[in-house]
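Data first, discussion second: the structure below is written as structure tokens.
The values are calculated or read from the model by the stated rules, or taken from the named source; none is laboratory data. Nothing here was measured: the structure is a model prediction, and the numbers come from that model. Cβ atoms come from the backbone with ideal geometry, glycine included; neighbour counts cover every protein chain shown. Ligands, DNA and RNA are excluded from the accessible area calculation, which covers all protein heavy atoms including side chains. Shrake-Rupley method; radii C 1.70, N 1.55, O 1.52, S 1.80 Å.
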Amino acid sequence: MAGISQDALAAAAGVSKAEISRIERGEAPWLTVVDASTLLGIVGLELWARAYPAGPPLRDRGHLRLLSDFDLRLPARVGRVREWPIPIPGDQRAIDLLLTGLPVLVGVEAETVLDDLQALEREIRLKQRDGRLDRIILLVRGSHRNRRILAQADALRQAFPLSTRAVMAALARRDDPGADGIVLL
């Protein structure tokens, strides 16, 4: 991809060509994150990683409060499943809240602080795909900072076109919202 030979990469990294070959084949159990980052840097790539909890999920108070506030606004006839696991064996990811009793499968992902919107959307879309969810609601704490970020986030608003009012009205009717949406609370 970078147009660099194994010989050149090996020389730049200070390892043998055989080691580079083993790494390319996925046969290098010794490879550390630091080594991988170095090799990727040489070919012009950046290593990006995400950690997932191995045990019970840890949630801060703000996240729990946001989910509870949303829960209180839902009609009693809409079922809720917290921390619904992605249905792939061995996958540690979960949807923050799964809404049941609707004509479509709706997942809710809660964010108290908006930061990297591109990464957030990518993560949500992967969960939606892997969880086989029809709709996703991005639940966002309605802080001044988050409102300011969302006001400038045209791409995110296009990806989640429904407003708080439209989403909540559809859920109150126990209807398919018809699209993904952002709920600010």
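When only residues in segment 72-97 that are free of Cβ contacts under 8 Å to residues at least 24 places away in the same chain and in a strand (DSSP E or B) count, which is surrounded by the fewest Cβ atoms within 10 Å (Cβ to Cβ)? Looking at the filtered set, the residue picked out is 79.
Against the test of being in a helix (DSSP H, G or I) and modelled with pLDDT of 90 or more, the options 68, 37 yield a single qualifying residue, 68. Flag: residue 152 does not match the condition of being within 18 Å of the chain's Cα centre (by Cα), open to solvent by 60 Å² or more (accessible area, probe 1.4 Å) and free of Cβ contacts under 8 Å to residues at least 24 places away in the same chain. Is there a residue in segment 164-177 that is at pLDDT 95 or above, open to solvent by 20 Å² or more (accessible area, probe 1.4 Å) and under 26 Å from residue 60 (Cα atoms)? Looking through segment 164-177, at least one residue is at pLDDT 95 or above, open to solvent by 20 Å² or more (accessible area, probe 1.4 Å) and under 26 Å from residue 60 (Cα atoms). The C-beta contact set for segment 29-46 (first residue polar (S, T, N, Q), second residue part of a loop (DSSP other than H, G, I, E, B), distance under 6 angstrom, 6+ apart or interchain) comprises 37/47. Among the residues that make up segment 109-118, is at least one of them under 26 Å from residue 48 (Cα atoms), among the charged types (D, E, K, R), surrounded by fewer than 18 Cβ atoms within 10 Å (Cβ to Cβ) and modelled with pLDDT under 95? The answer is yes, given that some residue of segment 109-118 is under 26 Å from residue 48 (Cα atoms), among the charged types (D, E, K, R), surrounded by fewer than 18 Cβ atoms within 10 Å (Cβ to Cβ) and modelled with pLDDT under 95. Per the listing 145, 135, the residue uniquely under 21 Å from residue 67 (Cα atoms), at pLDDT 95 or above and open to solvent by 60 Å² or more (accessible area, probe 1.4 Å) is 145.
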